[in-house]
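The values are calculated or read from the model by the stated rules, or taken from the named source; none is laboratory data. Computed from a predicted structure; not experimentally measured. Positions of Cβ are backbone-derived with ideal geometry, glycine not excepted, and every protein chain shown enters the neighbour counts. What goes into the accessible areas is simple: the full protein's heavy atoms, side chains included, and nothing from ligands, DNA or RNA. Shrake-Rupley method; radii C 1.70, N 1.55, O 1.52, S 1.80 Å.
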Amino acid sequence: MAKLLKSKQKPFKAPLLAILKKVGGKLEHLEEAILLAAGEGKGSEADEFGADSYSREQQLGLIENGDEIKGFVIEALSRINDGAFGSCLACEKLIPLKRLEVLPYAQYCVPCQELDEKGELQLNES
Ligand SMILES: [Zn+2]
């Protein structure tokens with residue numbers, strides 16, 4: 001399994017904890033937090049963030065289910081503890097950091113996520 005350096009996994013702990021806090025509270029605030037986080041591109045990289053609008057929309061769709069997000073966030077946090085954060089749960093490739101910045105609790109890379117939404121994702125038996 002491809003692994004993200006631990007030093008690169010740790011910075012995601014804070015945003016994940018923040019999301020967890022928000023889903024425990026009011027969902028409108030979570031939406032706000034995600035929009036803010038998504039807009040935090042570093043000036044010149046703003047254009048690249050535009051390409052992520054698709055995943056951002058997906059993410060906003062997920063907000064309707066706070067419990068589901070809570071589960072994803074807790075799993076992501078435990079993966080950081082295990083040093084396994086940042087790898088796609090399906091194909092085990094690294095999830096691009098850009099995607100993790102927008103969606104820190106992403107379980108899959110974009111291609112696998114798309115398959116999952118179509119119900120075509122096959123998880124490796126482990
Ligand atoms: Zn994948």
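For LYS98, LYS13, LYS21, LYS3, give the ranking by accessible area with the largest first, probe 1.4 Å.
My answer, sorted largest first, is LYS21, LYS3, LYS13, LYS98.
Using 7 Å Cα-to-Cβ label points, what is the ALA2/LYS93 separation (nm, one decimal)?
Here the answer is 0.6 nm between the modelled labels.
With the cut-off at 23 Å, tell me which of the pairs LYS13/LYS98; LYS8/LYS118; LYS22/LYS118; LYS10/LYS70 have Cα atoms farther apart than that.
LYS8/LYS118; LYS22/LYS118
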